[in-house]
1. About the Cα centre, and with charges only on the beta carbon of Lys, Arg (+1) and Asp, Glu (-1), how big is the dipole of chain A? Nearest 20 debye, please.
2. Peptide A:204-210: average number of partner chain Cβ atoms within 10 Å per residue?
3. Mind checking the mean number of beta-carbon atoms from other chains within 10 Å of the Cβ atoms in B:142-148?
4. Take the Cβ-Cβ distance between B:Thr318 and B:Arg287 as r, set R0 to 41 Å, and report the resulting FRET efficiency rounded to the nearest 0.05.
5. Taking the alpha carbon gyration tensor of segment B:261-307, what are the square roots of 5 times its eigenvalues, largest first, to the nearest whole Å?
6. Per residue of segment B:377-391, in order, report the coupling 6.51 cos²θ - 1.76 cosθ + 1.60 (Karplus, θ = phi - 60°) as ³J(HN,Hα) in whole Hz, putting x for Gly and Pro.
7. State the extension gain, in nm to one decimal, for the chain segment bounded by A:Asn154 and A:Arg170, taking 0.36 nm per residue of separation less the distance between their alpha-carbons.
8. Using every Cα-Cα pair within chain A, state what percent have a distance larger than 27 Å.
Amino acid sequence: MSTWIQQAVARGRLTTRFPWAPPNEEEAPITAHAPEVPPPATRTLPLAAPVCPTGAIESEGVRQGACIRCARCLSHGLTPTGPVDLMASSIALLRSPSGLRHEPPSVRSPSPGFRRSLHVFLIDVGSCNACNREALGLANPYYDSQRLGIFFTNSPRHADVLLVVGIPTREMLPSLSRTYEAMPGPKAVVAIGACALEGGIFHGNPHAALPLSDHVPVDAYVPGCPPPPLAILSALWRVMRGPPSREGP
Amino acid sequence: MTRSSWVETSLSEVPKTSHDLSLSYLSPDARLAILTDYTEHRTRVLRGEPLGLDPARFPNQPWLAPAARGLRRCPPDEDVRGYGIFTFPYGPVTGGVPEAVRFDVRTYGERILELTPVTGFKRRGVLAGIAGLPLPDAALRVERMVGNLSAAHVTAFLTAAESARGLPVPERELWTRALALELQRIYNHLHAVARVAESAAQSVGQAQVHALSEEVLRLAGWAFGHRWLFGALLPGGPDRRLEPSDRRTIGTRIARISADFQTLWDLLSHTRIFVDRIQGTSPIPRREAIRWGAVGPTLRASSVGWDDRVHAPIPPYTDLFVAVPQGIDGDALDRIAVRVGEIQSSTLAIEQILDRWPAASGEIPPEPCVEAHRGIARVEGPNGDLIYDVTMQGDRVAGASCRSASEANLPLLALGSRQSVFTDFSFAWESFGFVIAEVDR
């Protein structure tokens, strides 16, 4: 036992400074950042739109929910300078340039019930396994979600938040609804990853039943492919604490 | 894209019966055919001919046909009817298994008498959907089909596609693929060890190993721009010119992570509770491993020393020394020990790759090709042998199919779990290293 403790102490503090400091370069590689449109947007967007494999780049801006961070648009004028921890209460709010930088992405507080702890249940409805692994990664010492009161639970009966990953396939719909019904109130649903939001690279797939909000009421959307652990942690933190304008970290 | 192009068989069948359709296994006979092909493969590689296996030898795609139809579910070795015996469904939504899959467990309370994996819940029809797409767009979907094994799938897919078009590959691209593959192998193996330690209630051990896994992911993010290597290997992507200082950084960091892990493994393997839980759990005898067509660490744990990187190598593995660790008993401990050995062996491979990194990218202009051609490639992914069969029409993909390692190993889970108690199930599941996303693709 003592050897274990020595071993752990010798490695020093690994845990991120979140939520008291912005993410560093290690925590957020280039593809973790939302692509931004440098001005003039009217000239950049039409040039970059044809290379986007998901059609996320439109004449009015970038639909961040559909963006899979493939970086193809970066050689056509867009820049990887957007925030890492985007999140909004509707997919429509996740559009840049309008309304991304200026209005801080927020979530309506689903309930005043989550103040000090949050129990999270992960449900996979058709993911590639990357989102699952990033969400499970929150438990490792680098993120240590438990220090913030965020715990993963093995049963929906104990859960406050349903964390949905993957493109919702028709086969998983009954299980998704039953899992949501099994959760006690107050409860919230957080959808993470481009697949759960707008289908990502698999948009238009006939096996999928999008949008997710047709099946369960979604409180928060977190874009990314996959969103880095810090973005997921930040989303859960904000769901737990309510809107940042009312109460800071 | 039309609706019908997304489904591999007929659209009406898929939602109802995909549970049965999604499983097709490599029969033992087909496996032997592929095993004997490697001498010829090596000769072709040495001659500098296009990579991949010779499609003429496999006109019927033996590994894709449900040749092992009767073998999908291991037959119970005792009468599983009787008083008090019932079947309960475990999944597709469980806390223990983070992916959508169901197990029908036949039991009378504690001991698993029969276990049937039921897949198809997250079937997305990815490979059927890529028909007609240009190669870079198709590869973009293939890498996002199985996130944690993206490098292995993209490498196998691209090697098969390049083989179909008869194109040689720029040398640096080959070395980049190998580097990505080995990084991916290390973080997946570390994750498997951490999950087993977690199931055995080794909280400190699992936290420390998970931290190392996160470090490799961060290193991958730093070197390739994406933690899960999405976009790193795509054709026409940015040229990843690793400068000598970058290569030194990668080498130093991987060597340190590997050394740290070895210290942790020494502690873990001397922890009685940890070893007791996994020793003798879900054993796969050598004979059964060969009979059911096991692949990867599962096969090697059962003392069969087959590794594609040694026995059917694609360049640059032809020039690298790759150690092939093996187990003896084929139990969960052996499967984990083989992974531990492979972390060391991959570290050594990365060292060699970085040492011999080619100076020039060696661009080769693509030649136009309009006829449909078929190519087959196999790559040793983190959880085993991966086979892709791709048909190209010009620069577009006409069709693609694959046999993944998880598919091949799934019957072994049924075999290994039989006789064990339900609390041992998580050890069996994690030690095999299944990824359901590559079964339900």
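1. Result for chain A is approximately 440 debye, rounded to the nearest 20.
2. Mean shielding by partner chains, rounded to a whole number: 6.
3. Mean partner shielding for this stretch: 6.
4. Step by step, r from the Cβ atoms, then E = 0.85.
5. For segment B:261-307, the ellipsoid semi-axes come out as 26, 14, 6 Å.
6. Per residue, the Karplus-derived 3J(HN,Hα) values read 9, 10, 9, 7, x, x, 10, x, 5, 10, 10, 10, 10, 10, 10 Hz.
7. 3.4 nm
8. The proportion of pairs with Cα distances above 27 Å equals 36 percent.
Quick note: the coordinates plus some simple rules give every number you see, no bench work behind them. Here the structure is a predicted model, which is why all the values come from computation and not from measurement. We place every Cβ from the backbone using ideal geometry, glycine too, and count neighbours over all the protein chains shown.
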